[in-house]
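Engineer: Below you will find the structure I want to go over with you.
The values are calculated or read from the model by the stated rules, or taken from the named source; none is laboratory data. Keep in mind it's a predicted model, so treat the numbers as computed, not measured. Cβ coordinates were reconstructed from backbone atoms using ideal geometry, including for glycine residues, and neighbour counts include every protein chain displayed. Each accessible area value is taken on the protein alone, full model and side chains, heavy atoms only, with ligands, DNA and RNA left out. Shrake-Rupley method; radii C 1.70, N 1.55, O 1.52, S 1.80 Å.
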Amino acid sequence: MIATAGTSKRDGRVDLVTSAAMHPDAVLHVLDSRASGLSSAEASTLLQTVGPNVLAVHTVTLFGVLGRQLRNPLLLLLFAAAVVSALTGAIADGIIIVAIVALSVGLGFVNEYRSEMAVNALHSNITHRANAWRDGVLTMVDVRDLVPGDVVQIGVGDLVPADLRLLEVRRLECEEAVLTGESTSSVKTIDPARSDSPTDLASCAFMGTVVHQGSGCGVVVATGADTAFGAIATGLSGRQVDTAFQVGLRSFSKMLVGVAAVLTTSIFVINIVLSRPLIESLLFSLAIAIGITPQLLPAIVSVSLSSGSRELAKRKVLVKRLVVIEDLGNIQVLFTDKTGTLTEGTVTFDSSLDPFGRAASEPLRLGLACNDATMTASGPVGGNALDRALWDADDARGVALPERADVVPFDHATQIASVKLTTTAGAVQLVVKGAPEAVLTRCIDIPHESTAALEAIFAQGARVVAVASRDLAPDDVADLSADCNGLTLIGFLTFVDRPKADAGAAIERLHQLGIAVKILTGDNAAVARKVCTDIGVDVEGVLTGAEVDKFDDDALALAIPSTTVFARVTPEHKTRIVRIARRDGVDVGFMGDGVNDAIALHAADVGISVQTATDVAKDAADIVLLDKDLGVLADGVAEGRRIFANTLKYVLMATSSNFGNMFSAAGASLFLGFLPMLPSQILLNNLLYDVGQLAIPTDNVDAEIVARPAAWDIAFVRRFMSVFGPISSIFDFVTFFVMLHLLHASHSEFRSGWFVESLATQTLVVFLIRTRRVPSLRSRPSVPMLITPITCAAIGAALPFTPLAHLLGFTSLPIRFFLILFGMIVAYLILVEFAKARFYARYQHPQALPLHPHQRHLRRVQRRAGRFTAIDGTKQSPPVTPVRSLR
């Protein structure tokens, strides 16, 4: 519950509602703080008392993981039936069944617990930082270490790190939809404010909200769960939307439940009709149900994802949710920004030029005056990269700056920042700085040489900021947000961000993985094209944000496949482009690091950010890269596909071999006068088989599988099961014939023989199922994958000859059986190999999709007419255009 006025969670502290109604100085006094913030010692001591500034601590508990393992109703029902069996006299059978169930649960528990611990370790590597005053110095502090009394600076794009009572504001507005649901931003003030609503306080900034405009400074009043956001968050379930992979797993599970229900019911009815003991029939039916259910699928998935996440972490890729790894592998189109991906990401100031392109100092002086960054003893803090680069310039040292009377920080929508300056002589001047296109449209009497000079700068690949001004009367009350017109061009500031040497190779690798890479940048089109050319990337087409606005959604959908660069785009453009790209079933990844990228990160199938990104971007992303490098991302995509491929191997194994064996059991029940296998033997067979599959996550994956995206297709899985399941059953029935008519086996010999044959065929067939290559010897398994299934098959063959045989209901088998068994296994594997060749000849996609979604999208594009309608109603050709001139 949110604290109300007059209440306090800690003695000597003040709650947010009460602080909102107090004078800022009084709030500082109550919190034992000051405008220059706390000392490091004070903050450290207080942190021990109030705890870290987090909403919840992700903890892994043994009993929590064990509880999830025991939620399988089939296991619980089988356990109960085994207990009843023991109480009615079959004590040994009941103990054996319970022991095997316990081993199965323990196997899943160990693997899931290890995976949970891996997730815990990864989350600790993703950090957020805030600008706070400590020891009288503005410094970067981990938001988890913030305490009540800390004084924090916030600016455009910042995620407010705690509940703040504002001490200073400069046109500050915050987006508070996360708390209030209101889409409009809230204007902030330092004046005391009273309200009946604890989330409607104009003098406070709330944790989790985003600074939309301006900047400010506030003292931390509440942290963690004590915040307004924390009170709401702790009341929610926190359940995240399922990924495509999770949806696929759920569909697969539903299919198996249906198959298991039919088989289990049929077998139980058959045994009752044949007058077999009720408890024995029930145990046998439940064992069959468990046998067809891939019990270790969660463990296989967990092991695959956790081992993959550890491998990705070594390669500087952190995943916030493990299941996203597989969606990462499904990306077909990647939208990314230019800075830091195609370029080094280190922006340095290059030159200050007048409108004619000649060296001049005035643009730099006014650029420093109109700047969102603040210079401190440790360097520039806040603002964007261009603002900080200006302060780092050698020519910036010692420059005398006029007093700033008013300021409007850079706005992503208008592409400008503005400031009102007052000189020592009392003159007042309006200065505007921003994107050249945005500034030039506000200028009058632009020299014609300026356009040529600007195009020449763009052609060199430099980033450019234009500076303009106009004089104001001393009593002029011009609105800096609206009256930035009638300006005189002062000149240009140029910046250099050199192309990455390996960016071209990284993009080529992504292309080889079947991923189309497209650039979304707020920079000039000529600059983006020049960078692409420098790194060896072919630019098929370029669209500007203004051109994007001219087309409706259908026209834009047609343009996206043939456009490489989208230049001068706003956050709204980015989001629209991503959503339209997804419209036709294409899996889209978006890589961004700014506050203006947050919505697009949410809109994409996979949002990707970097450790140095804004907190808003990191919170919106599914994956965080420690290095802003497309090569690192390519590693992540390949790993995601490897994990998906290995998971699918287990799925195909489970639905073919398990289904075949259980179908055989159902058929045998019809003509045998006894159970073809005891319930404990079925469970033991299933346990050994599952242990043999635990090596699948370590397996190698063929290069052609990694080379293209993949996705779930339950229809494909059903087809696979319908082809390879019956092949398995054929050899089971051959085994029945051999045991009954050639070897004249007793009941225990029959069960022992089928146990050995069943386990051998379904474990060894993994060497064929794991690859689509024919012959399978062309694909090399990993060492664990080679050893584990063979070992499990050998254990199964040896069990009838061990001291445990009598306890388990086995008996020794003649050597003639093993000679026949060897021939049957060879024949079975050869038949599966031929069936596999025919199956994949018909279904070409190695991972189940008959046609790549992006191919379907392109075919639709090709079928459509070459002309379409724009928003203004005019007919347009496909919008693949050269870079536009500024003229």
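Engineer: Which residue, of Glu449, Glu455, is exposed (fewer than 14 other Cβ atoms within 10 Å of the Cβ), of a type outside the set (A, V, I, L, M) and assigned to a helix (DSSP H, G or I)?
Structural biologist: Unique residue meeting the criteria: Glu449.
Engineer: If I filter the range 644-665 for residues that are modelled with pLDDT under 75, open to solvent by 10 Å² or more (accessible area, probe 1.4 Å) and in a loop (DSSP other than H, G, I, E, B), do I get at least one hit?
Structural biologist: No, that holds for no residue.
Engineer: Counting only residues that are of a type in the set (S, T, N, Q) and open to solvent by 20 Å² or more (accessible area, probe 1.4 Å), how many does the range 744-803 have?
Structural biologist: Result for the range 744-803: 5.
Engineer: Sort through Val137, Val151, Val110 and tell me the only one that's crowded, with 18+ Cβ neighbours inside 10 Å and modelled with pLDDT of 70 or more.
Structural biologist: Val151
Residue-wise test of (1) surrounded by fewer than 22 Cβ atoms within 10 Å (Cβ to Cβ); (2) in contact with a strand residue (DSSP E or B) (Cβ under 9 Å, 6 or more places away or on another chain); (3) modelled with pLDDT under 75.
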{"residue": "Ser197", "(1), (2), (3)": "yes, no, yes"}
{"residue": "Cys204", "(1), (2), (3)": "no, yes, no"}
{"residue": "Met207", "(1), (2), (3)": "no, yes, no"}
{"residue": "Val220", "(1), (2), (3)": "no, yes, no"}
{"residue": "Ser251", "(1), (2), (3)": "yes, no, yes"}
{"residue": "Val257", "(1), (2), (3)": "yes, no, yes"}
{"residue": "Thr265", "(1), (2), (3)": "yes, no, no"}
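Engineer: In the range 154-195, which residue that is open to solvent by 60 Å² or more (accessible area, probe 1.4 Å) and among the hydroxyl-bearing types (Ser, Thr, Tyr) is modelled with the highest pLDDT?
Structural biologist: Thr184
Engineer: Let me ask something additional. Report the residue count in the range 554-592 for those that are assigned to a helix (DSSP H, G or I), among the polar types (S, T, N, Q) and surrounded by 19 or more Cβ atoms within 10 Å (Cβ to Cβ).
Structural biologist: Going through the range 554-592 one residue at a time, the tally reaches 1.
Engineer: Something else about it: Go through the range 730-776 and give me each residue that's outside any helix (DSSP H, G or I) and among the charged types (D, E, K, R).
Structural biologist: Arg770, Arg772, Arg773 - these are the residues of the range 730-776 that are outside any helix (DSSP H, G or I) and among the charged types (D, E, K, R).
Engineer: Take the conditions within 18 Å of Asn685 (Cα to Cα), touching a residue at least 12 places away in the same chain (Cβ under 8 Å) and hydroxyl-bearing (Ser, Thr, Tyr) and apply them to Ser758. Does it pass?
Structural biologist: Yes, satisfied.
Engineer: Quick check on my filter: what residues within the range 804-834 are buried (at least 19 other Cβ atoms within 10 Å of the Cβ) and under 40 Å from the mean Cα position of the chain (by Cα)?
Structural biologist: Within the range 804-834, just Val832 meets the criteria.
Engineer: When you check Thr570 against the structure, is it more than 23 Å from Ala438 (Cα to Cα) and among the polar types (S, T, N, Q), yes or no?
Structural biologist: no
Engineer: Can you name the residue in the range 424-443 that is open to solvent by 10 Å² or more (accessible area, probe 1.4 Å) and in a strand (DSSP E or B) and, of all such residues, is farthest from Arg470 (Cα to Cα)?
Structural biologist: Lys433
Engineer: Would you confirm, using the coordinates I've provided, whether Thr494 is among the hydroxyl-bearing types (Ser, Thr, Tyr), on the phi < 0 side of the Ramachandran plot, in contact (Cβ under 8 Å) with a residue 12 or more places away in the chain and open to solvent by 40 Å² or more (accessible area, probe 1.4 Å)?
Structural biologist: no
Engineer: Next up: Give me the residue from the range 838-861 that is at pLDDT 50 or above and open to solvent by less than 40 Å² (accessible area, probe 1.4 Å) and, out of that set, nearest to Ser758 (Cα to Cα).
Structural biologist: Phe839
Engineer: Now for a different question. Considering only residues that are open to solvent by less than 60 Å² (accessible area, probe 1.4 Å) and either at pLDDT below 75 or closer than 13 Å to Val527 by Cα (or both), which ones fall in the range 466-481?
Structural biologist: Correct list: Asp476, Ala478, Leu480.
Engineer: Quick one: in the range 621-640, of everything that is open to solvent by less than 10 Å² (accessible area, probe 1.4 Å) and assigned to a helix (DSSP H, G or I), which residue is farthest from Lys338 (Cα to Cα)?
Structural biologist: Here the answer is Gly640.
Engineer: Give the residue that is least open to solvent (accessible area, probe 1.4 Å), with candidates limited to residues of the range 360-380 that are under 17 Å from Thr346 (Cβ atoms) and touching a strand residue (DSSP E or B) at 6+ places or on another chain (Cβ under 8 Å).
Structural biologist: Ala373
Engineer: Return yes or no: is Asn686 surrounded by 24 or more Cβ atoms within 10 Å (Cβ to Cβ), over 15 Å from Arg751 (Cα atoms), at pLDDT 75 or above and not hydroxyl-bearing (Ser, Thr, Tyr)?
Structural biologist: No: the conditions fail for Asn686.
Engineer: Assess whether Arg68 counts as being assigned to a loop (DSSP other than H, G, I, E, B) and either more than 30 Å from Asp135 (Cβ to Cβ) or at pLDDT 65 or above (or both).
Structural biologist: Judged against the criteria, Arg68 is not a match.
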